[in-house]
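Let me begin by presenting the structure, written as structure tokens, before commenting on it.
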Amino acid sequence: MHPMNHILHPHTLVIHPDFRKLETFIRSIPARFAQGEGTVIHRGRNELRKMDYDGQTYVVKCFHRPNIINRFVYGIFRPSKAKRSYDHAEMLLSIGVGTPRPVAYLNIRSGLLFDKSYYISLASACPHVYQELFERKFDYEEAVLRAIGRTTATLHEHGYAHKDYGRGNILFARAPEGIRIELVDLNRMAIGPLDIKAGCKNFERLPATPQMHRWLAEEYARMRGFNAEECYKLMTAYRSTQPGKIDGLY
């Protein structure tokens, strides 16, 4: 297809080879959203819904229509947030970092102007989110924090940093083989080397008690060959600058 024809085409659809049979379903997603189908997980600037199809549960994220300038920018020059989510999910899985399996992304245009985009993944098998560590007692809390430290270190060692590394975007589960960690909301990812300061700063949006910071710092430092005490001091210092901290936590 000629590049201009590609730009002017109203839809751009990329489906993972393992999910080609879902093309009809994926093309129907905008209409399904418009009809209110599925279970809403989150509704804000963007909307997430769980949708069941042919015995499988999927999570669909609809990214809001950008302002008029960005509608032109995303329509011509920049990859959509849905495409970035898909590409970053593929990248995470390739380096051994957990995330729900990417299924597809769909971009919708109106001429040269971008309209909306949809990212589709399998639903995560992890039942818990980081925020729940402050809402109930987990007798394996230390294992979860250490697993997050290792996962983050793996990501950083490959030169990637999740730019929305907050309490709602880290999922976890206890499995026979150990703690499973999955990262979500992947459209914003920084790429480039991360030294000890940049790496520890990436934890700043995660609330933690001093003990939780110890576990994170110890595992992160061990994986990256850093000094654990220095990592602990940096993590707590960066966290202390964040607004809206929970009482009693850094």
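Overview of results
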read-out: Set 230, 219, 204: member being open to solvent by less than 50 Å² (accessible area, probe 1.4 Å), among the acidic types (Asp, Glu) and not in a loop (DSSP other than H, G, I, E, B); value: 219
read-out: For residue 175: the one exception among (1) within 30 Å of residue 105 (Cβ to Cβ); (2) surrounded by 18 or more Cβ atoms within 10 Å (Cβ to Cβ); value: (2)
read-out: Residues that are closer than 12 Å to residue 25 by Cα, exposed (fewer than 13 other Cβ atoms within 10 Å of the Cβ) and free of Cβ contacts under 8 Å to residues at least 24 places away in the same chain, drawn from the range 48-64; value: 52
read-out: Residue in the range 235-250 that is within 24 Å of residue 41 (Cα to Cα), of a type in the set (A, V, I, L, M), open to solvent by 20 Å² or more (accessible area, probe 1.4 Å) and touching a helix residue (DSSP H, G or I) at 6+ places or on another chain (Cβ under 8 Å) present; value: yes
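Conditions tested, residue by residue: (1) free of Cβ contacts under 8 Å to residues at least 60 places away in the same chain; (2) part of a loop (DSSP other than H, G, I, E, B); (3) at positive phi.
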| residue | (1), (2), (3) |
| --- | --- |
| 118 | no, no, no |
| 139 | yes, yes, no |
| 145 | no, no, no |
| 150 | no, no, no |
| 167 | yes, yes, no |
| 173 | yes, no, no |
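The values are calculated or read from the model by the stated rules, or taken from the named source; none is laboratory data. Fair warning: this is a prediction, and the values are worked out from it, not measured in the lab. Reconstructed Cβ throughout: ideal geometry from the backbone, glycine too, with neighbour counts over all protein chains shown. Remember, those area values only see protein heavy atoms, side chains included, never the ligands or the DNA or RNA. Shrake-Rupley method; radii C 1.70, N 1.55, O 1.52, S 1.80 Å.
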